[in-house]
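Below: one structure, written as structure tokens.
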Amino acid sequence: MSNTLDQLCSIAQRELGAEALNDKVDTPFSELGMDSLGLVDFMFTVEDHFHVSIEHDRALQNPTLTGLAALVDELLAAKAEPTAAAA
């Protein structure tokens, strides 16, 4: 499991007041108990934690912790590219 996915599991557990979610990383957010408002709040928390901006529509293309981790990793890599090019 990636570091990003581990962090997302911890954030989701805290937000949902749930037990460990490591075995539910491919479960849709709705089945984890997140309604639409809860999902928006979760996304804001994730954005703040990782310092990225997540497009809601892209996050919903694969609405699981695994899908969100891949998206966050992609955003972090894109964010790092200009810094690497400037060095």
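What follows draws every value from the coordinates through simple rules; no lab data is involved. As the structure is a computational prediction, the values presented were derived from the model and not from experiment. All Cβ positions, even for glycine, are placed from backbone atoms using ideal geometry, and neighbour counts span all protein chains on display.
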Around Asp23, what is the net charge, scoring Lys/Arg as +1 and Asp/Glu as -1 over all other residues with Cβ under 14 Å from its Cβ? -3
Putting +1 on Lys and Arg Cβ atoms and -1 on Asp and Glu Cβ atoms, find which of Ala18, Ala69, Val52 reaches farthest to the positive end of the dipole of the chain. Val52
Which is the longest stretch in the chain that no exposed loop site breaks, taking sites as GluC sites (Glu not before Pro) with a DSSP loop state and at most 15 other Cβ atoms within 10 Å? 20-54
What full-extension length gain, to one decimal in nm, is calculated for Ser53 and Leu16 as 0.36 nm per residue of separation minus the Cα-Cα distance? 11.2 nm
Under a Cβ-Cβ cut-off of 12 Å, what is the net charge of the residues other than Ala69 that fall near it, where Lys and Arg count +1 and Asp and Glu count -1? -4
Karplus (6.51, -1.76, 1.60) ³J(HN,Hα), θ = phi - 60°, over segment 38-45, in Hz, Gly and Pro reported as x: x, 5, 4, 4, 4, 4, 4, 5
What number, rounded to the nearest 500 deg cm²/dmol, is the helix-based mean residue ellipticity at 222 nm of the chain, given -39500 (n - 2.57) per DSSP H run of at least four residues and division by all its residues? -20500 deg cm²/dmol
Report the FRET efficiency, 1/(1 + (r/R0)^6), for Glu31 and Lys79, where r is their Cβ-Cβ distance and R0 is 25 Å, rounded to 0.05. 0.25
Let me check against my output: what whole-number percent is the relative contact order of the chain, with C-alpha pairs under 8 Å and at least 6 apart? 32
Could you give the angle, 0 to 90 degrees to the nearest 10, between helix 65-86's Cα long axis and the longest principal axis of the Cα atoms of the chain? 10
Express the Stokes-Einstein translational diffusion coefficient of segment 28-86 in µm² s⁻¹, to the nearest whole number, given a Kirkwood radius over alpha-carbon pairs, 4 °C and a viscosity of 1.567 mPa s. 107
Evaluate the distance, in nm, between pseudo-label points positioned 7 Å from the Cα of Ser2 and of Gln61 along their respective Cα→Cβ axes. 1.4
